[in-house]
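Remarks on the structure that follows.
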Amino acid sequence: MFRAYGFVVSIFATLAILLIATPSMADKHEAAMKKLAGDSKVKSWIADPAVISAIKAQNAAHAALTEPEIIKLDKQWRAETKAASKPLIDKVLSNSLSAFLKKVKKDSGGLFTEIFVMDDKGLNVGQSDVTSDYWQGDEAKWQKTYPIGPNAVDIGKVEQDESTQKFQAQISLPIVDPATGKNIGAVTIGVDLEALGI
């Protein structure tokens, strides 16, 4: 019995060493996502006037919003994802920024699975696809980017899409006003890890 126990412990020790010595998918995904965050094409479209002007306009429009009002809007959005009538969702999905982001997604050739831009409160400004909620301000994708600084990056965990069986992850970055150098919002990009070469 003690020999068998020792053999099992030995196997687990060997497996632990192999896992430490071999770069995991998580390590590869993190390195590739950091590289993507610094890609000049990504930096170019997130600084496009279409993105900057849309965020600035929404920041101004939402300047006086209170947290209870934000939560109310988020509840409305969540309810609309399951309803026939979707006035708030339709308003965001039909705006010019959403059209711009849909084109960026299409032009990525399958690399980007979704893109959504947030304002200075974490509310969606534009998006390529419907998100499950409207307010991202209570999540890491906004909390670890917008308030941190221009060079912040948040890399989400690897997840497998149930419908496509593909592995994907999200990367989030602050969006900086080129005129002031200050963060005005944030963007989250869903990335197909296979298309990224992982």
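Laboratory data are not the source of any read-out in this text; all were calculated from the coordinates shown. A quick note: this is a predicted structure, and the numbers were derived from the prediction, not measured. Positions of Cβ are backbone-derived with ideal geometry, glycine not excepted, and every protein chain shown enters the neighbour counts.
Pick from Lys102, Lys144, Lys86 the residue whose mean-square fluctuation is largest in a GNM of the chain, springs joining Cα atoms under 10 Å. Fluctuation is largest for Lys86. Stretched out straight at 0.36 nm per residue, the stretch from Lys106 to Asn151 would grow longer than its current Cα-Cα span by 13.6 nm. Taking Ile175, Ile55, Ile89 in turn, the Gaussian network model of the chain (Cα-Cα springs below 10 Å) assigns the largest fluctuation to Ile89. Centre-to-centre, using Cα atoms only, segment 45-74 and segment 103-179 are separated by 15 Å.
Labels on offer are (i) 71, 38, 31; (ii) 50, 40, 27; (iii) 52, 36, 36, and the one holding Cα extents along the principal axes in Å computed from this structure is (i).
Measuring between alpha carbons in the structure, the pairs from Lys35/Lys72; Lys75/Lys105; Lys35/Lys86; Lys34/Lys86; Lys82/Lys144; Lys75/Lys141 lying more than 31 angstrom apart are Lys35/Lys72; Lys35/Lys86; Lys34/Lys86. The mean sequence separation of alpha-carbon pairs under 8 Å and at least six residues apart, normalised by the residue count of the chain, gives a relative contact order of 21 percent. Largest mean-square fluctuation among Asn124, Asn59, Asn151, in a Gaussian network model of the chain whose springs join Cα atoms under 10 Å apart, belongs to Asn151. Remark: Val153, Val117 ranked as Val153, Val117, counting other beta-carbon atoms within 10 Å and listing the fewest first.
Residue-wise HN-Hα couplings along segment 104-111, as the Karplus relation 6.51 cos²θ - 1.76 cosθ + 1.60 with θ = phi - 60° gives them from phi, are 4, 4, 4, 5, 6, x, x, 5 Hz; Gly and Pro carry x. When each of Val130, Val191 is scored by the number of other beta-carbon atoms lying within 10 Å, the sequence from fewest to most is Val130, Val191.
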